[in-house]
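**Q** Structure incoming, see below.
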Amino acid sequence: MGFEIDYLALAPELIVVITILVVFGLDMLLPRAQKYWAATAAVAGMAFALIPLGLLAIEGGTRSMFDGSYVTDDFSLVLKGLFLVAAYVVFLMSHDYIESERYYQGEYYFLLLASVLGSLVVASARDLIILFIGIELVTGPLYLLAGWRKGDIKSNEASMKYFILGVLSTAILLYGMSLLYGLTGEVTFAGLAAATAGMDTPALTMAVVFLIVGFGFKVAAVPFHFWAPDTYEGAPTPITAYISVNSKAAGFVAFLIVMYSALPDAAEVWAPALWALAALSMTIGNLAALRQTNIVRLLAYSAIAQAGFMLVPFAAAAVAGAALEEAFAATVIYLVIYAVMNLGAFGVVIAGARITRSGEIPAWAGLASVDARLGVLIGVFFFSLAGIPPLAGWFAKFVMFRSVMIAGGAATVALAVIAAVNAVIALYYYAKVVARVWLDDQVGVFPGDPEAPPAGSLRLALGVTVALTVAIGFYPTLATFVGDASRVIAAGG
């Protein structure tokens, strides 16, 4: 192994780095009227970065660098594909949105690409140092992007809250990592797993608790979710979509890999904590969503609840002492499906706001009567988030409950009951939005122009997400390979 560099394995990251430099150069050299080329370069870069992923997938096998600290295997390839496709869709959403709002385009894409690079690093990280660098590269640029609408007080508030709580979570996370290193002298996950085997000290318990709290902030799990609703509402909508998918997914991947690969013998500490996080996130997220009248805040609390659903398989298996392979696979499948349908949901929010000029749900009454296609898309994505067949969300819920049944045990049954009740609650507020769009009478005249079609880039983003949402719903085997790839981690890959 040693410190030899495998350039093919690093090709996606290198392409993103080159794209960052190209975007920076275009922004420096082009006049303001032509800065849209920065967006074009960013979209092209995401597409090109997918090419080496395909080559690596065809070749197969595991590529390891830096004495096992950076690994490219089936699991990391699936996650990198998710991060790049999600970023591609977000860039498509951003193209017209950023240009129409007269924001600074070069800096926007520069920061967003830097965050994408961090997510790719997280997927391959197998030691604490690289993982921490990747996580901070994901979230650091988002503190600025959340406040991109500098003249909007809500955007300023979003950025400030996100920054303060993000820095706090970073300090807590880093302290937990430093405790682990102090106890074991190891930073690699394999080394930590070996060094903590049989260890039962208060210091190890404290380190695990700090890690749980730090990662809990990153994924917006209750009770570490305070920043999410205001940040989601105040940030530009494409950035909100990115935070809810790429940033959350990177945090989840880091969270679960560290617990499973680095601290398997500390499960008696983190398993009950994950159970509590899952139950609280589902319940509080859904109950809070019931009261929302703003569609972005509704999706913010929905994202908190969905984080709880994602934690259910892993938490249930860990508490029951069952093998975690199926749980890990179920969580990753849920994460991928959630990314697809949630990106689509934010896409229709952008398209709907173009007509209604509002994010308030009552202002969307009768929207389907003036744009039936948009009404259909709203129904598809919101019912998919609720888990209604035959849309992709049903399969995410299915693999979640299936993994709980495989785990067995009284605690898992209790968690399954909580999840089932919360699934019903979620259906109510998702259906409320669809009913308002389709069944309510239009109130007044929409201030936007219903006849003006959405930008081509937004139509493409919606087309990609709705096609995947419907295809996975009818042919769920399209998502099962994700679970198979995630078992590489379970096999010690």
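The values are calculated or read from the model by the stated rules, or taken from the named source; none is laboratory data. This is a predicted model, so every value here is computed, not measured. Cβ placement follows ideal geometry from the backbone for every residue including glycine, while neighbour counts extend to all protein chains displayed.
**Q** Please determine, by comparing only the residues of segment 437-459 that are hydrophobic (A, V, I, L, M, F, W, C) and either more than 18 Å from Gly379 (Cα to Cα) or surrounded by fewer than 15 Cβ atoms within 10 Å (Cβ to Cβ) (or both), which one is modelled with the highest pLDDT.
**A** Leu439
**Q** Restricting the search to segment 60-84, which residues are under 17 Å from Glu13 (Cβ atoms) and without any contact (Cβ under 8 Å) to a residue 60 or more places away in the chain?
**A** Hits for segment 60-84 are Arg63, Ser76, Gly81.
**Q** For residues in segment 362-378 being buried (at least 21 other Cβ atoms within 10 Å of the Cβ) and closer than 28 Å to Val421 by Cβ, which is farthest from the chain's Cα centre (by Cα)?
**A** This residue is Trp364.
**Q** Among the residues of segment 180-198, count how many are farther than 16 Å from Phe66 by Cα, surrounded by fewer than 19 Cβ atoms within 10 Å (Cβ to Cβ) and out of contact with any Gly (no Cβ under 9 Å at 6 or more places or on another chain).
**A** Residues in segment 180-198 being farther than 16 Å from Phe66 by Cα, surrounded by fewer than 19 Cβ atoms within 10 Å (Cβ to Cβ) and out of contact with any Gly (no Cβ under 9 Å at 6 or more places or on another chain): 6 in total.
**Q** Something else about it: For a quick check of your reading of the model, give me the residue pairs whose first member lies in segment 394-409 and is touching a residue at least 24 places away in the same chain (Cβ under 8 Å), whose second is charged (D, E, K, R) and in a helix (DSSP H, G or I), with beta-carbon atoms closer than 8 Å and at least 6 apart or on different chains.
**A** Once the first residue is touching a residue at least 24 places away in the same chain (Cβ under 8 Å) and sits in segment 394-409, its partners that are charged (D, E, K, R) and in a helix (DSSP H, G or I) give Arg402/Glu326; Ser403/Glu326; Ile406/Glu326; Ala407/Glu326.
**Q** Shifting gears a bit: Would you be able to say whether some residue in segment 202-223 is surrounded by fewer than 20 Cβ atoms within 10 Å (Cβ to Cβ), out of contact with any helix residue (DSSP H, G or I) (no Cβ under 9 Å at 6 or more places or on another chain) and closer than 23 Å to Pro272 by Cα?
**A** Yes - at least one qualifying residue is present in segment 202-223.
Residues are listed down the side, and each one gets a yes or a no for (1) of a type in the set (A, V, I, L, M, F, W, C); (2) crowded, with 24+ Cβ neighbours inside 10 Å; (3) closer than 23 Å to Gly191 by Cβ:
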{"residue": "Glu268", "(1), (2), (3)": "no, no, yes"}
{"residue": "Ala271", "(1), (2), (3)": "yes, no, yes"}
{"residue": "Arg291", "(1), (2), (3)": "no, no, no"}
{"residue": "Ile295", "(1), (2), (3)": "yes, yes, no"}
{"residue": "Phe309", "(1), (2), (3)": "yes, yes, no"}
{"residue": "Ala315", "(1), (2), (3)": "yes, yes, no"}
{"residue": "Val332", "(1), (2), (3)": "yes, yes, no"}
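**Q** Scan segment 31-55 for residues that are in contact with a helix residue (DSSP H, G or I) (Cβ under 6 Å, 6 or more places away or on another chain) and among the aliphatic types (A, V, I, L, M) and jot them down.
**A** Residues satisfying the conditions are Ala38, Ala39, Ala41, Ala42, Val43, Met46, Ala49, Leu50, Leu53.
**Q** Considering only segment 193-242, how many residues are free of Cβ contacts under 8 Å to residues at least 40 places away in the same chain and among the hydrophobic types (A, V, I, L, M, F, W, C)?
**A** Number satisfying all stated conditions: 6.
**Q** Quick test for you: out of Phe83, Phe66, pick the one residue that is within 18 Å of Lys248 (Cβ to Cβ) and of a type outside the set (D, E, K, R).
**A** Answer to the check: Phe83.
**Q** Continuing with this model, one more query. In contact (Cβ under 8 Å) with a residue 60 or more places away in the chain, farther than 23 Å from Ser119 by Cα, in contact with a Phe, Trp or Tyr (Cβ under 8 Å, 6 or more places away or on another chain) and not basic (Lys, Arg): does that describe Ser155?
**A** Spelling it out, Ser155 is indeed in contact (Cβ under 8 Å) with a residue 60 or more places away in the chain, farther than 23 Å from Ser119 by Cα, in contact with a Phe, Trp or Tyr (Cβ under 8 Å, 6 or more places away or on another chain) and not basic (Lys, Arg).
**Q** Does segment 369-389 hold any residues that are more than 14 Å from Ala431 (Cα to Cα) and of a type in the set (A, V, I, L, M), and which are they?
**A** Matches in segment 369-389: Val370, Ala372, Leu374.
**Q** Would you tally the residues in segment 360-388 being closer than 23 Å to Ala86 by Cα and outside any helix (DSSP H, G or I)?
**A** Looking only at that region, the number is 2.
**Q** State whether one or more residues within segment 330-350 are closer than 13 Å to Leu256 by Cβ and more than 13 Å from the chain's Cα centre (by Cα).
**A** Taking every residue of segment 330-350 in turn, at least one turns out to be closer than 13 Å to Leu256 by Cβ and more than 13 Å from the chain's Cα centre (by Cα).
**Q** With the structure loaded, tell me whether Gly408 is closer than 26 Å to Phe309 by Cβ and more than 25 Å from the chain's Cα centre (by Cα) or whether it fails that test.
**A** yes
**Q** Is it true that Val332 is modelled with pLDDT of 90 or more and in a helix (DSSP H, G or I)?
**A** no
**Q** Follow-up question, since we're still on this one. Is it the case, given these coordinates, that Met28 is within 18 Å of Pro141 (Cβ to Cβ), outside any loop (DSSP other than H, G, I, E, B) and among the aliphatic types (A, V, I, L, M)?
**A** No; evaluated as a whole, the condition is false for this residue.
**Q** Further question: Just to verify a result, which residue in segment 163-179, among those that are more than 11 Å from Ala207 (Cβ to Cβ), under 20 Å from the mean Cα position of the chain (by Cα) and aliphatic (A, V, I, L, M), is surrounded by the most Cβ atoms within 10 Å (Cβ to Cβ)?
**A** So, considering only residues that are more than 11 Å from Ala207 (Cβ to Cβ), under 20 Å from the mean Cα position of the chain (by Cα) and aliphatic (A, V, I, L, M), the one surrounded by the most Cβ atoms within 10 Å (Cβ to Cβ) is Leu165.
**Q** Is there a residue in segment 95-115 that is aromatic (Phe, Trp, Tyr), closer than 21 Å to Val213 by Cβ and in contact with a Phe, Trp or Tyr (Cβ under 7 Å, 6 or more places away or on another chain)?
**A** no
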